[in-house]
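These notes concern the structure reproduced below.
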Amino acid sequence: MRVMLVEDQVLLREGLAGLFRDAHHEIVGSFGTAEGLTGVVEQCRPDVVVLDIRLPPTYTDEGTRAAADLKAAAPSVGVLLLSQHVETAHTVDLVSRGGFGYLLKDRVLHVADFLAAVERVAGGGSALDPHVVGHLMRRTGLSGLTEREHDVLRLMAQGFTNAGVARRLVLSERTVEAHVRRLLGKLDIEDRDDAHRRVLAVLTYLQGG
């Protein structure tokens, strides 16, 4: 996997680079700002770009805006946003796209899960922090779903397949399939065999509320 890092904190950036190298991934770029990111990506051709949301010069939403520009110019490149806190105001449009992830920085401490999330995004999948998903769900007020259906939806939105959801909720895969059919019916979203498209459908619903 070819990885590009955009993080203004040098220690964190170097730590991430070491983490990826230890896992036998290649660092093709490492930067402290997102200035000219799209052009650099065209030259270096990474599989995934991992970038902070708050970057110089204003430390507000530079990373989010750079991510949106990058996905518009190179939709096949995975983009994983990192943030210290949940900030969804300018990321909802990105959530419904393939090859996108949004994790809180403390998830980096769970190395195996973090690397798996980055690899999933690089492959065109999704990876959303549970806290981000929970925030989106509270905003949309999905009152028609049962508590178990909420649990299933959260895990779906994080990119897990039915088998993955079943393992985490200690349910049979058939039971999870039944929950998925019911919640997609309640949300008036077409059920599809492709798990990735199903996740995007759910996230599109969350976006529209």
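The values are calculated or read from the model by the stated rules, or taken from the named source; none is laboratory data. Just so it is clear, the model here is predicted, and its values are computed rather than measured. So basically every Cβ, Gly included, is an ideal-geometry build from the backbone, and we count neighbours across all protein chains shown.
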For the stretch 56-63, state whether one or more residues are surrounded by fewer than 23 Cβ atoms within 10 Å (Cβ to Cβ) and under 14 Å from the mean Cα position of the chain (by Cα). no
Residues located in the stretch 143-176, provided they are of a type in the set (Asp, Glu), surrounded by 16 or more Cβ atoms within 10 Å (Cβ to Cβ) and either closer than 19 Å to Asp113 by Cα or without any contact (Cβ under 8 Å) to a residue 24 or more places away in the chain (or both): Asp151
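Residues are listed down the side, and each one gets a yes or a no for (1) touching a strand residue (DSSP E or B) at 6+ places or on another chain (Cβ under 7 Å); (2) small (Gly, Ala, Ser):
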| position | (1), (2) |
| --- | --- |
| Ile27 | yes, no |
| Ala34 | yes, yes |
| Val49 | yes, no |
| Arg54 | no, no |
| Ala66 | yes, yes |
| Ala73 | no, yes |
For the stretch 38-78, how many residues meet the condition of being farther than 17 Å from Gln9 by Cβ, in contact (Cβ under 8 Å) with a residue 24 or more places away in the chain and among the hydrophobic types (A, V, I, L, M, F, W, C)? 10
Consider Asp52 carefully, then state whether it is among the acidic types (Asp, Glu) and under 25 Å from Thr161 (Cβ atoms). no
One residue from Leu184, Leu206, Leu142, Leu171 being in contact with a helix residue (DSSP H, G or I) (Cβ under 6 Å, 6 or more places away or on another chain) and either modelled with pLDDT under 85 or not assigned by TED's automatic domain parsing to the domain that holds Glu87 (or both): Leu206
Looking only at the stretch 78-124, count every residue that is among the acidic types (Asp, Glu), closer than 23 Å to Val41 by Cα and at pLDDT below 90 and tell me the total. 1
For the stretch 1-46: of the residues being of a type in the set (A, V, I, L, M), in a loop (DSSP other than H, G, I, E, B) and touching a Pro at 6+ places or on another chain (Cβ under 9 Å), which is surrounded by the most Cβ atoms within 10 Å (Cβ to Cβ)? Ala34
